[in-house]
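Let me begin by presenting the structure, written as structure tokens, before commenting on it.
Computed from the coordinates by the stated procedures, all read-outs in this text should not be read as laboratory data. The shown structure was predicted, so the numbers you read here are calculated from the model rather than taken from an experiment. Neighbour counts are summed over all protein chains in view; Cβ atoms, including those assigned to glycine, are modelled from backbone coordinates with ideal geometry.
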Amino acid sequence: MSETSTVFVTRKIPDAGLELLRQAGVELVIGQEDEERGLDRQALLDGVARCDVLLPLLTEPIDRQVLAHNPRLLGVAQMAVGYNNIDVAAATELGIPVANTPGVLTETTADLTWALLMAVARRVVEAHAYMVAGRYKLWGPNLFLGSDVGTGASGRRKVLGVIGYGRIGQAVARRSTGFDMEVLAYDPYNRDGIARDPIAAWADFEELLERSDFVTLHVNLTPETEHLIGEPELRRMKESAFLINAARGPVVDERALVRALQEGWIAGAGLDVYEDEPRMAPGLAECSNAVLLPHIASASHDTRSRMATMAAENALCHLRRQRAPNAVNPEVYDSGAYRRRAGG
Ligand code: GLV
């Protein structure tokens with residue numbers, strides 16, 4: 001790593017990550033200091049052209065043009081576990097390793113999934129708004145009736161349906177044991193894991209939709225999972241069921257979801273992500289049976305700091321021409337295209 005190595009951090013990340021890079025003698029360029037503004041395309045291209053390693057967030061599209069803009073670029077170290085904003089196939093072809101921050105945000109994301117589930121089932125946000133508006137005048141037996149998450153007075157075990165049974169889906173399932181729920185899981189890439197799992201039982205996709213009281217999504221966004229939940233799937237769910245999405249917005253057809261919420265095909269939804277983020281589909285904001293959060297699933301102080309240091313560690317691996325342990329395209333290291341870049 002030369003003394004003049006530069007990492008282009010597209011937008012401000014927690015200090016711990018910046019500090020790690022500074023201590024390693026890296027020159028840091030931050031593309032956008034204002035946390036409420038994005039980085040425009042030209043500034044992204046200019047930053048990429050001048051750096052050795054790019055450290056982006058999920059808000060920047062890192063497409064082929066961006067990746068090809070700098071023939072000396074040694075790697076991409078994204079501060080996020082999801083990397084659907086990056087054209088990984090193009091990066092691999094161009095010999096650029098791409099790394100992410102898996103693992104460290106699993107528990108925090110599972111916590112927020114449960115916060116959404118509880119909030120929408122028990123109408124916490126509606127009830128809070130009622131309180132702060134000064135509308136609470138008299139206790140009443142019909143005030144804000146919601147749905148049980150545990151067995152409640154019915155004695156019926158509620159069914160949690162987890163779609164995508166990777167690290168986060170499993171952490172969500174683990175949290176259900178205190179509620180004595182039945183857990184169904186669907187994940188074509190983890191059939192064996194589900195078969196061995198002490199908590200969840202395998203269910204086909206349709207069966208899971210039909211039987212679950214809560215359907216929670218934990219899949220990556222890929223061409224196969226885009227609009228995985230659309231009108232037919234929402235209509236297949238129970239009218240009393242809730243949909244929770246803390247994965248990626250485009251996994252759900254948001255316009256169909258708005259109709260489902262308005263017309264009562266399902267009882268409610270808890271969303272942390274949106275199809276065209278930060279915009280919401282028309283009508284969604286007016287749905288009182290939706291709890292809506294601004295993509296904060298991994299937003300705890302500790303987790304975001306750790307994500308930042310992990311991204312910084314990945315960036316240092318790229319600069320030192322070492323294999324990044326979290327590379328999502330590790331095959332790139334064996335390619336001539338990588339060797340030409342790294343040797344240059
Ligand atoms: C957040 O959405 C992430 O992918 O880390």
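Here are the numbers for the structure shown:
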item: J(HN,Hα) series, the range 14-28, from Karplus relation 6.51 cos²θ - 1.76 cosθ + 1.60, nearest Hz, glycine and proline x; result: x, 3, 3, x, 5, 4, 4, 5, 4, 4, 7, x, 7, 7, 9
item: Which of 207, 313 has the fewest Cβ neighbours within 10 Å, and the rest in rising order; result: 207, 313
item: Crossing angle, helix 106-121 versus the chain [Cα axis fit, 0-90 degrees, rounded to tens]; result: 30
item: Net charge, residue 303 excluded, C-beta distance under 10 Å - Lys, Arg +1, Asp, Glu -1; result: -1
item: Burial ordering of 306, 323, fewest other beta-carbon atoms within 10 Å first; result: 323, 306
item: GNM top mover of 141, 294, 71 - the chain, alpha-carbon springs below 10 Å; result: 141
item: Principal axes of the chain: Cα extent on each, largest first, Å; result: 71, 49, 32
item: GNM flexibility winner over the chain from 60, 107, 286 (Cα, springs under 10 Å); result: 286
item: Long-range amide H partners of residue 31 with built H, under 5 Å; result: 9, 10, 11
item: HN-Hα J in Hz across the range 211-219 - Karplus 6.51, -1.76, 1.60, θ = phi - 60°, x for Gly and Pro; result: 9, 7, 8, 9, 10, 10, 9, 9, 9
item: GNM flexibility winner over the chain from 57, 184, 145 (Cα, springs under 10 Å); result: 145
item: Nitroxide proxy distance, nm - points 7 Å out along Cα→Cβ at residue 16 and residue 337; result: 3.4
item: Residues with amide H under 5 Å from that of residue 86, placed H, sequence gap 5 or more; result: 62
item: Two-site FRET efficiency, residue 143 against residue 189, from Cβ-Cβ distance with R₀ of 56 Å, rounded to 0.05; result: 0.80
item: On Cα atoms only, tilt of 254-263 relative to the major axis of the chain in degrees; result: 10
item: Cα extents of the range 106-292 along the three principal axes, largest first (Å); result: 54, 38, 30
item: Contact order normalised by residue count of the range 106-292, Cα under 8 Å, 6+ apart, percent; result: 20
item: Partner lysines for residue 238 [C-alpha distance under 23 Å; skip if fewer than 8 residues away on the same chain]; result: 158
item: DSSP beta bridge pairing in the range 106-292, given as percent antiparallel to the nearest 5; result: 5
item: Mean ellipticity per residue at 222 nm, deg cm²/dmol - from DSSP H runs of n ≥ 4 across the chain, formula -39500 (n - 2.57); result: -10000 deg cm²/dmol
item: Whole-number percent relative contact order across the range 1-152, with pairs defined as alpha carbons under 8 Å at least 6 apart; result: 16
